[in-house]
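A.B. asks: Below you'll find the structure I mean.
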Amino acid sequence: MATLAHKLYLFGCRVSDRGANLAGHPAAIAIVAIFCALWFIHGGPSGVNTLTLILSVLAITLTQMVLNQQRRSEAALHMKIDELILSKRGARDELAGIERKTEDELEQLRRHDDVPRDCDAPDPEKSRPSRVASTVGEAA
């Protein structure tokens, strides 16, 4: 059962996603430009400080929304890459999850193998053509 805090978190994620998607739309930029021009014309020089305050808060809020969206997207991408590493025979399993390691640990992993393994080398037990080769052969 979801707690109130979890429901609020999910609601915040949805609002953040929608806000970031709307702010990234080209029409949103035009709307903000028109709003700023109208505010400046209507408020004159005295409204500039208020407009600056509003735009500053809006910029900070939208930046946080976009960063939140990118953080979740990056976490999902890392999970997909980890899954591919763990499923590939011959790949080093210790590379899964390296985004949480320190720079020294990354350097130690890099030096672990002086010669990089060829992950695309054909498996000696299985000799099947790649999908690209079979697709190219069919097209010819």
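A.B. asks: Please name all residue pairs, on different chains or six or more residues apart, with Cβ atoms under 8 Å, provided the first residue is in segment 91-120 and is closer than 18 Å to Ile81 by Cα and small (Gly, Ala, Ser) and the second residue is open to solvent by 80 Å² or more (accessible area, probe 1.4 Å) and at pLDDT below 75.
C.D. replies: Once the first residue is closer than 18 Å to Ile81 by Cα and small (Gly, Ala, Ser) and sits in segment 91-120, its partners that are open to solvent by 80 Å² or more (accessible area, probe 1.4 Å) and at pLDDT below 75 give Ala91/Arg117.
A.B. asks: Determine, yes or no, whether Leu109 is part of a helix (DSSP H, G or I) and under 19 Å from the mean Cα position of the chain (by Cα).
C.D. replies: Here the answer is no, as Leu109 does not meet what is asked.
A.B. asks: Oh, and also: Picking from Ile31, Ile60, Ile54, which residue would you name as being at pLDDT 85 or above, among the hydrophobic types (A, V, I, L, M, F, W, C), part of a helix (DSSP H, G or I) and within 30 Å of Glu99 (Cα to Cα)?
C.D. replies: Ile60
A.B. asks: Something else now. (1) on the phi < 0 side of the Ramachandran plot; (2) open to solvent by less than 50 Å² (accessible area, probe 1.4 Å): which one isn't true of Ile81, the others all being true?
C.D. replies: It is condition (2) that Ile81 fails.
Residues are listed down the side, and each one gets a yes or a no for (1) open to solvent by 50 Å² or more (accessible area, probe 1.4 Å); (2) among the small types (Gly, Ala, Ser):
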{"position": "Leu10", "(1), (2)": "yes, no"}
{"position": "Val15", "(1), (2)": "yes, no"}
{"position": "Ala33", "(1), (2)": "yes, yes"}
{"position": "Phe40", "(1), (2)": "yes, no"}
{"position": "Gly44", "(1), (2)": "no, yes"}
{"position": "Leu51", "(1), (2)": "no, no"}
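A.B. asks: Of a type outside the set (S, T, N, Q), open to solvent by 90 Å² or more (accessible area, probe 1.4 Å), under 30 Å from Leu10 (Cα atoms) and modelled with pLDDT under 80, is that true of Arg100?
C.D. replies: So Arg100 passes the test.
A.B. asks: Which is hydrophobic (A, V, I, L, M, F, W, C) and without any contact (Cβ under 8 Å) to a residue 24 or more places away in the chain, of Leu62, Leu86?
C.D. replies: Selected residue: Leu86, the only one of Leu62, Leu86 that is hydrophobic (A, V, I, L, M, F, W, C) and without any contact (Cβ under 8 Å) to a residue 24 or more places away in the chain.
The values are calculated or read from the model by the stated rules, or taken from the named source; none is laboratory data. Nothing here was measured: the structure is a model prediction, and the numbers come from that model. Backbone-built Cβ (ideal geometry, glycine too); neighbour counts: all protein chains shown. Accessible surface is based on the protein model in full, side chains and every heavy atom, while ligands, DNA and RNA are left aside. Shrake-Rupley method; radii C 1.70, N 1.55, O 1.52, S 1.80 Å.
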